[in-house]
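A.B. asks: Handing you a structure now.
The values are calculated or read from the model by the stated rules, or taken from the named source; none is laboratory data. Small disclaimer: the values here were computed from a predicted structure and weren't measured. Glycine gets a Cβ as well: all are built from the backbone with ideal geometry, and neighbour counts include every protein chain shown.
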């Protein structure tokens with residue numbers, strides 16, 4: 001996918017790096033030359049521009065990007081002005097960082113509904129990880145359902161999927177098993193999966209370094225982890 005990230009403070013810079021590592025095409029924009037310089041060896045398409053000025057967009061291919069992400073920091077007025085500009089230029093999808101509830105309400109008046117508070121998202125993820133230290137990553141699907149990556153609990157090691165019977169006991173489906181190098185919960189940089197083992201065979205014994213990709217209710221996942229961690 002092609003992403004345009006406007007605002008290269010701490011959040012925007014980390015986001016640009018992560019998306020680039022995952023193989024996406026990035027257009028990164030900021031009016032601070034220092035922020036541009038910091039990414040010169042990592043992001044190919046860097047633009048120094050003041051996006052509050054509509055004329056600055058003549059070199060920014062907003063309409064060619066799949067998503068425009070407004071990662072502006074504390075400049076409330078600039079964020080609103082840039083949001084109006086990218087909307088006027090026909091952005092297909094706009095996601096905006098918000099500073100406070102008023103900022104969010106004003107963006108919604110501009111018909112921009114995909115809003116985020118990175119600090120709140122990070123805090124929620126940390127809280128979940130502290131409760132479940134072996135939880136590596138998760139995707140909330142709504143309704144309590146999620147797809148999660150977890151390290152194989154100690155109680156799983158040496159046992160088979162058939163013996164554990166996760167579907168009947170916990171309502172969980174094991175989607176696949178993966179292997180990673182140096183993957184650790186609470187890491188600020190999630191390590192990429194090195195190998196996916198495909199569809200799990202019922203007779204394969206779990207190993208200590210298995211990463212399990214599970215689908216089900218979050219509460220059932222955490223119940224399963226509690227039951228087997230000290231088994």
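A.B. asks: Specify the residue that is nearest to residue 208 (Cα to Cα); the eligible residues are those in segment 135-163 that are over 28 Å from the mean Cα position of the chain (by Cα) and without any contact (Cβ under 8 Å) to a residue 60 or more places away in the chain.
C.D. replies: Only one residue fits best here, namely 157.
A.B. asks: Another one. Let me confirm something: among 3, 11, 57, which residue is buried (at least 19 other Cβ atoms within 10 Å of the Cβ) and more than 18 Å from residue 118 (Cα to Cα)?
C.D. replies: Details: 3 fails: more than 18 Å from residue 118 (Cα to Cα); 11 fails: more than 18 Å from residue 118 (Cα to Cα).
That would be 57, the only listed residue that is buried (at least 19 other Cβ atoms within 10 Å of the Cβ) and more than 18 Å from residue 118 (Cα to Cα).
A.B. asks: Picking from 76, 57, which residue would you name as being under 21 Å from residue 111 (Cβ atoms), more than 22 Å from the chain's Cα centre (by Cα) and at pLDDT 90 or above?
C.D. replies: Testing whether each residue is under 21 Å from residue 111 (Cβ atoms), more than 22 Å from the chain's Cα centre (by Cα) and at pLDDT 90 or above leaves just 57.
A.B. asks: With the structure loaded, tell me whether residue 26 is surrounded by 15 or more Cβ atoms within 10 Å (Cβ to Cβ) and outside any strand (DSSP E or B) or whether it fails that test. Even if it seems obvious, please write down each step before you answer.
C.D. replies: On the way: surrounded by 15 or more Cβ atoms within 10 Å (Cβ to Cβ): yes; outside any strand (DSSP E or B): no.
So residue 26 does not fit the description; no.
A.B. asks: Could you tell me which residue of segment 63-78 is nearest to residue 30 (Cα to Cα), considering only residues that are in contact with a strand residue (DSSP E or B) (Cβ under 6 Å, 6 or more places away or on another chain) and not in a loop (DSSP other than H, G, I, E, B)?
C.D. replies: Going through the qualifying residues, I end up with 70.
A.B. asks: Working only within segment 37-73, note down all residues that are in contact (Cβ under 8 Å) with a residue 40 or more places away in the chain and either in contact with a helix residue (DSSP H, G or I) (Cβ under 8 Å, 6 or more places away or on another chain) or not assigned by TED's automatic domain parsing to the domain that holds residue 110 (or both). Even if it seems obvious, please write down each step before you answer.
C.D. replies: As a first pass, look at segment 37-73 and keep what is in contact (Cβ under 8 Å) with a residue 40 or more places away in the chain: 51, 60-62, 64-73.
Correct list: 51, 62, 68, 69, 70, 71, 72, 73.
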